[in-house]
Each structure stands twice: as structure tokens, then as C-alpha cells.
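I have placed the structure first, in the form of C-alpha cells, so that the comments after it can refer back to it.
Only the coordinates and a few stated rules stand behind these numbers; no lab work does. Computed from a predicted structure; not experimentally measured. Here the Cβ positions follow ideal geometry from the backbone for every residue, glycine too, while neighbour counts run over all protein chains shown.
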Amino acid sequence: MNTSSVWTRSGGTFDYEKRKVRVIELTEQTQNPDFWNDPSKAQAVMKQLDNEKGLVQAWDNLNEIRESINVFLEFEEMGEDVESELEAEFAKLQKKLEALELRNMLNGPDDQRDAVVTFNPGAGGTESQDWGEMLYRMYTRWAERNGFKVSVIDYQDGDVAGIKSVTIEVSGINAYGFLKAESGVHRLVRVSPFDSNARRHTSFCSVFVSPLIDDSIEVDINESEVELQRFHSSGAGGQNVNKVETGVRLVWEGQLSDGRTERVVAECQQERSQLQNREKAMVLLKSRIYELEKEIQEAEKARLEGSKSKNEWGSQIRSYVFDDQRVKDHRTNYETSNVSAVMDGNLDEFIKAYLLMTSTPEQG
């Protein structure tokens, strides 16, 4: 394994030397005295720099393991019994190589951004609202496992159990790149704990993921098309519970670029003041509209290329069948029988399968 070579795998091309040069270029930008005059642009550069540094460091770690394997191979040639050590190092190499390969797939223009994830239970009352809360917990655990920060922007309690809706912000490098695989409708089949007759119930919850935009992206919307609603903050996201109307809901109804009319809602009760919540809700609103426009562009690109576009966010993407001990992704056909691990946030294999199916190799 030569670190100066170009590594090609099914996930894309990793050009070590090119990335090292990019780190130097970005570092030089940060040393410009005027660098922080535009905070939004500066933060975007810093995030890109952190990502490139992380990729280079990951490659260096691989090379260290490669050197360690060579040492053990030399010991083996000299008659030493190092089989267990070699197996451990090879396993470590494989795991880290797959992680780097996965990260290297995330070369989309928004993949490095933070993500906004909204959970909306379908019809079904308590059963669906409980399912929504289970998914909220699942993604929170996944984020924590992978070193991402989770902030609750809006939390609406269910009538009896669960949630009516929840919006969270997942912060960290490539948060959107990983979580974009999860947009869609998630279906649960189980014996309901809320049914005295212990019958099987089917519940649905939609998960909508959008990149959190900043000032580098312009989303023009007519302010007259935005309705402002105020409400009392409550639940996990509210600080001034039922004291003042600090919660803000923005409702936009307008035309997207493909001519259809869409209704987009963004709520925020995270901040202590109504003004701050309104500003945050506007960012969320524009982020969701931006994601919808992205889907239109991707569908048109797929049509022109004669390829199959990705599933739209409103389609059913995954089934969780508890009594059969099965979770299956309908896009990739990846499935597992370890339901409890999945519900505890072990989603990496599902995300990996989706990225492998949809990734476009980076051009070096």
C-alpha cells in the first residue's frame, strides 16, 4: 500500500497527495487577515478543512496498520507464532478501510453540511405516535454513536404516548451525507402494546432529512407567502413551558420549480426568544424548500440520463417487522434479523448499502 498512489475502490477514488495539497491550500486561506470578515464563508472553509484533514489522517492510520502487518509477517517468516496478531491487524485494517471508503463516497455539494431531521407520524393515533418516538430515539442513538451532536429544535408530545412531531439538528462533518439515506416512510409491524387484544398493527412515520443551509446558498421565497403562527413552547425542546408564546411556526405555500404547489411547515421552540425562534424557523423552512428543489433537479437529471432516480422522500423505504425479527430496506434489499440493535441506533450497514447503490465516484 503506497500512500502516494491513487487508491480506487467501488466507493470512489482517494488521491492522497491531492488531498494533502488541498489541506495546505485551505490552511493558507484561514491565515488571511480578512478570513473571518465573512463568518459564514469562513465556517464553510473550516468545515471543508476539517473534513480533508480527517480523510488524510484516516489514510495515515491505514498506512500505520499496513506497516504493523508487515512487521508481523516478518516475524512469521522467522518462525514466530503471530497468527492471532495478524488476524487482529487484518480485521482492523478491513474495518478502517471500509469506514474510509464510505466517507470517501460523500462527495456531494451538501454532504458535509449539518442535517435537519423531522419525524412526522402517520395516521393511527397513539400507535403511530409511539413509533415516531422510537425512530427519534433510534436516530439520536445513531448520531451519538458516530460522534454527532444532536439538538432538539421542536418537540410536540403525543396525546397519550409518543410524539406528534419532532425536528432535530444533527451537527458534524458529513451529517447530511450519511442521513440523506434515511429520508422516506418507515413502516412498523408489531403486536401493539396499546391493544388489549394483542393484535398486530401496522404504523407509519415519515422521516424528512434536509441539509442545513447557510448564507452561501440563496433560497428566494416571497415573504407574503409565509404565514407566522405562535404557540407555547412545550416538551423536550421548550425552555419556557406554557409561560409565553416563544414557539414559532412558519407555513409556506408556494410553487416549486416544476410548477407544483407545495406546503412546507417549519417550527422552532429551541431558543428562549420568539425572534430567535423565528430566525431559526426561517432557516429550517428554506432548508426544506432547498431539499425539495434538489430532488426535482436530481429526478430531471436521472430522466435525461435514462437512469432510475432515487426514491422520493414520501415513499416507503424500510420495514421493521418486530415479531418476525426482520428489518428490510426496500431500495437496497439489505436486511437484518437483529432488530434490537437497529432500534438502538446500529444503522451503518443500511446507510452503507444505500450509498454504495447511489454513489458516483469522485473524479480525481
Choose one of Gln94, Gln48, Val23: the residue whose Cα lies farthest towards the positive end of the charge dipole of the range 6-104 (beta-carbon charges +1 Lys, Arg; -1 Asp, Glu; about the Cα centre). Gln48
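From the Cα gyration tensor of the range 6-104, with a ≥ b ≥ c the square roots of its eigenvalues, which class applies: rounded if a/c is under 1.5, or else prolate if a/b is larger than b/c, or else oblate? Don't jump to the answer; show the numbers that get you there.
Working: a/c = 3.53, a/b = 2.84, b/c = 1.24.
Taking the square roots of the gyration eigenvalues as a ≥ b ≥ c, the range 6-104 is prolate.
Using Cβ counts within 10 Å as a stand-in for footprinting exposure, how do Thr27, Thr261 rank, fewest first? Write down the numbers at each step before the final one.
Details: Thr27 13, Thr261 8.
Ordered by Cβ neighbours within 10 Å, fewest first: Thr261, Thr27.
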Please rank Ser203, Ser196, Ser319, Ser40, fewest neighbouring Cβ atoms within 10 Å first, as an exposure proxy. Ser196, Ser40, Ser319, Ser203
Residue range of the chain that is longest and free of chymotrypsin sites (Phe, Trp or Tyr not before Pro) which are both DSSP loop and sparsely packed (at most 16 other C-beta within 10 Å): 1-193
Of Lys286/Lys352; Lys180/Lys294; Lys20/Lys96; Lys149/Lys328; Lys53/Lys286, those spanning more than 21 Å from alpha-carbon to alpha-carbon: Lys286/Lys352; Lys149/Lys328; Lys53/Lys286
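Ranked by Cβ crowding within 10 angstrom, fewest neighbours first, how are Asp130, Asp154 ordered?
Numbers: Asp130 23, Asp154 26.
Arranged by neighbour count, lowest to highest, Asp130, Asp154 become Asp130, Asp154.
About the Cα centre of the range 55-211, how large is the charge dipole given +1 on each Lys and Arg Cβ and -1 on each Asp and Glu Cβ? Please answer in debye to the nearest 20. Walk me through the numbers on the way to the answer.
On the way: 16 positive and 27 negative charges, 258 e Å.
That gives the range 55-211 a dipole magnitude of about 1240 debye.
Given charges of +1 on the Cβ of Lys and Arg and -1 on the Cβ of Asp and Glu, with all other atoms neutral, how large is the dipole of the range 42-138 about its Cα centre, in debye to the nearest 20? Let's see the in-between values first.
Details: 9 positive and 22 negative charges, 171 e Å.
Roughly 820 debye for the range 42-138.
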Using only alpha carbon pairs under 8 Å that are at least six residues apart, calculate the relative contact order of the range 6-104 and give it in whole percent. 31 percent
With +1 assigned to the C-beta of every Lys and Arg and -1 to the C-beta of every Asp and Glu, and no other charges, what is the dipole magnitude of the range 34-98 about the Cα centre in debye, to the nearest 20? 720 debye
Given Cβ charges of +1 for Lys and Arg and -1 for Asp and Glu, the option among Asn346, Met78, Leu135 whose Cα lies farthest towards the positive end of the dipole of the chain is Leu135
Sort 295-302, 168-175 by packing, meaning the average of other beta carbons within 10 Å per residue, with the highest value first. 168-175, 295-302
What number, in percent, do you get for the relative contact order of the range 110-364 if the mean sequence gap of Cα pairs under 8 Å and at least 6 apart is divided by its residue count? 20 percent
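Calculated from DSSP H runs of 4 or more alone, at -39500 (n - 2.57) each and per residue, what is the 222 nm mean residue ellipticity of the chain, nearest 500? Display every interim value, and only then the final one.
Working: 8 runs with 149 residues, N = 364.
Result for the chain: -14000 deg cm²/dmol, rounded to the nearest 500.
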